[in-house]
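All remarks here apply to the structure that follows.
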Amino acid sequence: MNLNSPLFDRIRARRKGQSESAAPKPGCQHPGCADAGEFRAPKGRFHEGQYFRFCLVHVKEYNASYNYFAGMSDDAVARYQKDAVVGHRPTWNMGVNTASTKAAAAAATAEHGVFEDPLGLFRAAGFAGRATPEPERRKGVGPVARRALEKLDLDEYADSAAIKTKFKIMVKRFHPDMNGGDRSTEDRLRDIIDAYNTLKSAGLV
């Protein structure tokens, strides 16, 4: 042990019979009070960490009337309470920081080609995530059936229910009775009926 260490210079031993109560105490800061200020009371907003020193009587009086939000409007108090939830630190909504969001999405795309986005975090930045896979091409749709589908304004992915629904809509649309007796739509109606019969024969309806 090094007895010459400077640490020993800061050691102070209490003399025999000396107590802490012998140390002088600050006086009460209430005007006209001569008692000891044994109790601390916060100074308030904008003076965090600073305290008044009061005696017991005056610290009770001070605490009874203490209001941290004195002078603040109701809106200001509400904002303060809301900010207090996050410790008065700045926060951002999801998707607002579009620069970093786009950078992350671009990195994911470069690494994997596509990326999963189940929570829609990148959608706000203009990225849709993994593309929806195209439906499988329908088997057994030959050129004749494909032309029949085109006459019904359908593609080769249309199922039986879609074909029936479209056929009913187009028959009503082009039937002369629905056009005031105008027979100029008869050819179109005939093409629609022929196309439907072709699809029916092909087993698509």
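Please treat every number below as a calculation from the coordinates, not as lab data. All of these numbers come straight from a predicted model, not from anything done at the bench. Cβ sites come from the backbone with ideal geometry, for glycine too, and all protein chains shown count toward neighbours.
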| Net charge of neighbours whose Cβ lies under 14 Å from the Cβ of Asp177, counting Lys and Arg as +1 and Asp and Glu as -1 | +1
| remark: Summing +1 per Lys or Arg and -1 per Asp or Glu among the other residues with Cβ less than 15 Å from Pro42's Cβ gives +3
| query | By average Cβ neighbour count within 10 Å, what is the ranking of 25-32, 158-165, 51-58 from highest down? | reply | 51-58, 158-165, 25-32
| remark: Here segment 153-166 yields Karplus 3J(HN,Hα) values (6.51, -1.76, 1.60; θ = phi - 60°; whole Hz; Gly and Pro given as x) of 6, 10, 9, 6, 8, 5, 8, 4, 5, 5, 5, 4, 4, 5
| What is the percent of Cα-Cα separations in segment 143-201 that go past 13 Å? | 57 percent
